[in-house]
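No value in this document is a laboratory result; all are computed from the given coordinates. Keep in mind that this is a model prediction, so the values were computed, not measured. Here Cβ is always computed from backbone atoms with ideal geometry, including for glycine, and neighbour counts include all displayed protein chains.
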Amino acid sequence: MDDEKEKQRKASKAARDKLYFFAYYWSNPGKERLRKVKAYQADPTKAKARSSKQWKDNPAKATAYRKAHGGLVKMAVSCSKRRARKFYAIPAWANQNDILDVYLEAKYQQLHVDHIVPLHSKIVCGLHVWDNLQLLTRSQNVSKGNHHWPDMP
């Protein structure tokens, strides 16, 4: 009985620590980035090994993913563009704590955070603000894509 309580306590602490890290990361992106840069500068080989570990653990999955998504360079460019669009879509008046709360709630409920008006599409570009976020299941979010939003012309 004590072993079960101890396991539950450890699982609860691990979940709490994970949420704390997630909240800290989103509320202090500059500090977290600086920490990663310092870790890389201190020992580049260790940092590279840590970042590529997931690909080495499952090479077949990694190869299939790269083929499906056009290779590493195309993936890196795509991720970089998305980060830049999201960064520039945050106005000065946006409340970062409200946005963080939405992401924490999504993490807790295991849902996806969706932009009601897409950040980037052929017709319109939305903002990364609390009013433009909604929680959806994975299947709903994937089927919506960036093609549909309320009052769509």
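Below, the figures for the structure above:
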{"read-out": "Charge dipole of region 51-144 about the Cα centre (unit charges at C-beta), most positive-ward option of Ile123, Gln96, Gln110", "value": "Ile123"}
{"read-out": "Pairs beyond 27 Å (Cα-Cα), from Lys36/Lys74; Lys86/Lys122; Lys10/Lys56; Lys81/Lys107", "value": "Lys10/Lys56"}
{"read-out": "R0 of 30 Å, Cβ-Cβ distance Thr137-Glu6: FRET efficiency to nearest 0.05", "value": "0.30"}
{"read-out": "Additional length obtainable on full extension of the chain from Lys13 to Tyr103, 0.36 nm per residue less Cα span", "value": "30.4 nm"}
{"read-out": "Computed E for Thr45/His147 - FRET, C-beta separation, R0 41 angstrom, nearest 0.05", "value": "0.40"}
{"read-out": "Cα gyration tensor, region 88-153 - rounded (a/c under 1.5), prolate or oblate", "value": "oblate"}
